[in-house]
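Below is one structure, written out as structure tokens; the observations come after it.
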Amino acid sequence: QSTWARPRGAGFAAPEPLWVAGTGQLAPGDVPPCEHCGAHRVLEFQLLPQLLYYALDTSVEVGDAYIDWATLVVYTCSASCPPPRLDGEFGAYVPEFAFRQSFPSESGRKS
């Protein structure tokens, strides 16, 4: 039994992401089911761009673009299914689903 338990049952609503803009949002139906057991996925955690200030050197570039995002959301299996065994040992991972919302394009804005 896990020390960390998710609230379940009547009155519990799954958390929703805090979207930065009205465009580029992920619809709930767009989150694929768990690849291992087929259960639906729920929001596990969200990363906001303020993390860059604390974790990364913002002058670092990847390709032609700076590392940036409006929000990153990660969904996990609602059934908390155990990972498959590898050679009789636990240790495999069950894939999660991540989505990146970008900031709305500033092209077309007048200053």
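No lab work stands behind these numbers, since they all come straight from the coordinates. Bear in mind the structure is a predicted one, so any value in this text is a computation, not a measurement. With ideal geometry, Cβ positions are generated from the backbone for all residues, glycine too; neighbour counts draw on all protein chains shown.
Computed values, structure above
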read-out: Inter-site label distance for Trp69 and Trp19 at 7 Å from Cα along Cβ, in nm; value: 1.7 nm
read-out: Environment charge of Gln25, counting only residues whose C-beta is closer than 15 Å and scoring Lys/Arg +1, Asp/Glu -1; value: -1
